[in-house]
Amino acid sequence: MPAPIGRILDLRGSAYDRGRLQAQLHPDRIADVTVMVTRRLRELGPALALPKVIDWLDAQHAFTRDNDPDGYVEVQGIAEGFGIAADALFACYYGNVIADLSEQPALADACTAWAAPRGEHGPVVVKNRDIRGRHIDLQCVFRHADPDWGGRRILCVGSLGAPGAYAGGINTNGLAVADTQVGTVDHGEGWLRSFLMTRILRECATVSEAVGLVFRTPHAGGGTLLLGDATGAVAAIELAHRAVAADEPGDSGYVARTNHFVSERLAGRDLAPSDDIGARTSRARIATLDHALRALPLPFTFDAIKALMARHGDSANAALCRHEDGRDMRTIGSAIFDCKTPALHVALEAPCHGHWERVTP
């Protein structure tokens, strides 16, 4: 079945115009976005009043304005379109970091992602988007085109009210990127992961270029990136403020990440202790994914990938398609970025429902 009408939005023009277009194309969702922002600010609550959080957010405002003017202006356009104070919207994007800094992390966005050079048509980057279930109605696919990009276009998975490649994307060169959330004790002034993904797709054509950009860039810290390009290169990157680590496929033929750091370079920088329920779930999912990918025949077909990402748990395996209503954590969508074509195969709901759409940049 195709994605519902209105869930694939064409955003063309300058950064500010593309931001405003979200609300203009979906005026029926303006109230929903406002409610979501208000709820997130209420959840952050006292953390927003902590002096160290106030100082850090002020520094991030200045950093983003100076280093990512396109991203910063896009946020202004989104705020204008939805009638939300830009500062409030900006704080929401940093919600997980603010929770980390306050040492009272909220239920973190999760996600499972992996990348492999040998998909049905070539390299693939794959992600299940795990988040609070109420976000599902705001989830969209966005086609971005800006006259300043020299003809390059970007196809993004994200949510109304969020900028750029908020949950991942692919550009017309075939470079794809997806992310997962990792809480960390190592935060500082630098690029927020979602702004960084948009910059990668805007400026880079290959994994090599993207890795080079990441390693010469300061980061706010937290999370991982999974990358693939049309040449067959794939990589995983782990992000902290004081350290970054990159990983390429070994004999397994893929790289995968959930919600903890696995590299020696970032050892000890996770915020959650190993016995935390989120940490246990993260390790169980990556073990399940490792076992499943090693058992799948190569090349990985789209049908096999869709079936894998739709798997529910049992006594021996963790769920990759999650329906944890008790924790209000569920898989609200799934994406397969086909780097060679390039194209996106997307389910804008739980992948177990089997409703996928193919979209091109």
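Can you say whether VAL177 is modelled with pLDDT of 95 or more, among the β-branched types (Val, Ile, Thr) and surrounded by fewer than 24 Cβ atoms within 10 Å (Cβ to Cβ), as far as the supplied structure shows? It is false that VAL177 is modelled with pLDDT of 95 or more, among the β-branched types (Val, Ile, Thr) and surrounded by fewer than 24 Cβ atoms within 10 Å (Cβ to Cβ).
When PRO249 is tested against (1) open to solvent by 30 Å² or more (accessible area, probe 1.4 Å); (2) free of Cβ contacts under 8 Å to residues at least 60 places away in the same chain, only condition (2) is not met. Taken over the stretch 222-236, the residue count meeting the criterion of being within 14 Å of the chain's Cα centre (by Cα) and either at pLDDT below 95 or buried (at least 24 other Cβ atoms within 10 Å of the Cβ) (or both) is 6. Of everything listed in (1) surrounded by fewer than 24 Cβ atoms within 10 Å (Cβ to Cβ); (2) closer than 22 Å to ALA256 by Cα; (3) of a type in the set (D, E, K, R), the single unmet condition for ARG153 is (2).
All of VAL346, VAL255 fail the test of being of a type in the set (A, V, I, L, M, F, W, C) and either open to solvent by 20 Å² or more (accessible area, probe 1.4 Å) or farther than 28 Å from LEU9 by Cβ (or both), apart from VAL255.
Within the stretch 173-196, at least one residue is assigned to a strand (DSSP E or B), of a type outside the set (A, V, I, L, M) and over 21 Å from ILE54 (Cβ atoms). The requirement of being of a type in the set (Ser, Thr, Tyr) and within 26 Å of ARG257 (Cβ to Cβ) is fulfilled somewhere in the stretch 111-131, by at least one residue.
For first residues located in the stretch 194-219 and closer than 18 Å to VAL182 by Cβ and touching a residue at least 60 places away in the same chain (Cβ under 8 Å), partners that are open to solvent by 40 Å² or more (accessible area, probe 1.4 Å) and of a type outside the set (A, V, I, L, M) and lie 6+ apart or on another chain with Cβ distances below 6 Å form the pairs SER194/TYR166. Considering every residue within the stretch 117-129, establish whether at least one is under 25 Å from ARG7 (Cβ atoms), open to solvent by 10 Å² or more (accessible area, probe 1.4 Å), in a loop (DSSP other than H, G, I, E, B) and at pLDDT 90 or above. Looking for residues that are under 25 Å from ARG7 (Cβ atoms), open to solvent by 10 Å² or more (accessible area, probe 1.4 Å), in a loop (DSSP other than H, G, I, E, B) and at pLDDT 90 or above, one finds at least one in the stretch 117-129, hence yes. Remark: PRO163 matches the filter, which requires a residue to be in contact with a helix residue (DSSP H, G or I) (Cβ under 6 Å, 6 or more places away or on another chain) and under 21 Å from ILE336 (Cα atoms). Looking at the stretch 7-19, is at least one residue surrounded by 17 or more Cβ atoms within 10 Å (Cβ to Cβ), aliphatic (A, V, I, L, M) and at pLDDT below 95? Yes; the residues of the stretch 7-19 include at least one that is surrounded by 17 or more Cβ atoms within 10 Å (Cβ to Cβ), aliphatic (A, V, I, L, M) and at pLDDT below 95. For the stretch 261-312, a tally of residues being touching a Leu at 6+ places or on another chain (Cβ under 9 Å), assigned to a helix (DSSP H, G or I), open to solvent by 10 Å² or more (accessible area, probe 1.4 Å) and among the charged types (D, E, K, R) returns 0. Per the conditions (1) among the hydrophobic types (A, V, I, L, M, F, W, C); (2) out of contact with any Phe, Trp or Tyr (no Cβ under 8 Å at 6 or more places or on another chain); (3) free of Cβ contacts under 8 Å to residues at least 60 places away in the same chain; (4) closer than 26 Å to CYS156 by Cβ, the sole criterion not satisfied by ALA318 is (4).
ILE54 falls short on exactly one of the conditions (1) in contact with a Phe, Trp or Tyr (Cβ under 6 Å, 6 or more places away or on another chain); (2) open to solvent by 20 Å² or more (accessible area, probe 1.4 Å), and that condition is (1).
The values are calculated or read from the model by the stated rules, or taken from the named source; none is laboratory data. The structure displayed is predicted, hence computed values, not measured ones. Backbone-built Cβ (ideal geometry, glycine too); neighbour counts: all protein chains shown. Side chains included, ligands, DNA and RNA excluded: accessible areas come from the protein's heavy atoms. Shrake-Rupley method; radii C 1.70, N 1.55, O 1.52, S 1.80 Å.
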